[in-house]
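For reference, the structure discussed in these notes is given below.
The values are calculated or read from the model by the stated rules, or taken from the named source; none is laboratory data. Computed from a prediction, not measured in an experiment: that's the story for all the values here. Virtual Cβ from ideal backbone geometry, glycine too; neighbours counted across all protein chains shown. For accessibility, only protein heavy atoms count, side chains too; no ligands or nucleic acids. Shrake-Rupley method; radii C 1.70, N 1.55, O 1.52, S 1.80 Å.
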Amino acid sequence: MEKRILAKKQWVAWILAVLMLGILPGCGLEKTDSRKLEDLQYKILEDKEIPQEFLAVIEEKKEQIFKLTYTDGEDLYIAVGYGVQQTGGYSISVNQCYLTANAIYFDTTLIGPSKGEQVNEAKSYPYLVIKTEYSEKNVVFE
């Protein structure tokens, strides 16, 4: 009886192993390669240069932190917003914008007002939009 149970367990183990070998290749594990191929050329846009459709989305989301992309088929627009701030005087620097084999990497930093700087006491919603050449690659926000 014990031999029968053991044989049955081995049979189940073999079936599971065969199934796993059949399923795993279809999982599509893709190696992520974050090595920089080249820096991307980009332009930082003013509100009047941002496509109206994209600007409307930014307006809806500006009170929260956001990371967005938009394309018109010719250009790629990348936007980063830092949500509501209690005062003005903020700026955003682009640390990196580069292309890899798999993606576009984009990194920014919010820079607050310096000590002693006179700032507007009204709430502000700092965000930055860049325009670069169209690409179908995903954008990775760092």
Matching residues, the stretch 46-59, being over 13 Å from K131 (Cα atoms) and in contact (Cβ under 8 Å) with a residue 12 or more places away in the chain | E53, V57, I58
Would you check which residues across the stretch 87-97 are open to solvent by 20 Å² or more (accessible area, probe 1.4 Å) and not in a loop (DSSP other than H, G, I, E, B) and list them?
-> S91, I92, S93, V94, N95, Q96
For the stretch 98-142, enumerate the residues that are open to solvent by 50 Å² or more (accessible area, probe 1.4 Å), over 22 Å from K43 (Cα atoms) and in contact with a strand residue (DSSP E or B) (Cβ under 7 Å, 6 or more places away or on another chain).
-> K123
Condition met for S93 (under 20 Å from the mean Cα position of the chain (by Cα) and among the small types (G, A, S)) = yes
Does the stretch 98-106 contain at least one residue that is at pLDDT 95 or above, in a strand (DSSP E or B) and closer than 23 Å to Q52 by Cα?
-> yes
If you check Q52 against the conditions, is it open to solvent by 70 Å² or more (accessible area, probe 1.4 Å) and out of contact with any Phe, Trp or Tyr (no Cβ under 6 Å at 6 or more places or on another chain)?
-> yes
Please tell me if K62 is more than 16 Å from the chain's Cα centre (by Cα), more than 17 Å from S135 (Cα to Cα) and at pLDDT below 95.
-> no
Could you grab the pairs with beta carbons closer than 9 Å, sequence gap of 6+ or different chains, first residue in the stretch 63-86 and more than 20 Å from T109 (Cβ to Cβ) and open to solvent by 50 Å² or more (accessible area, probe 1.4 Å), second one charged (D, E, K, R) and in a strand (DSSP E or B)?
-> E74/E133
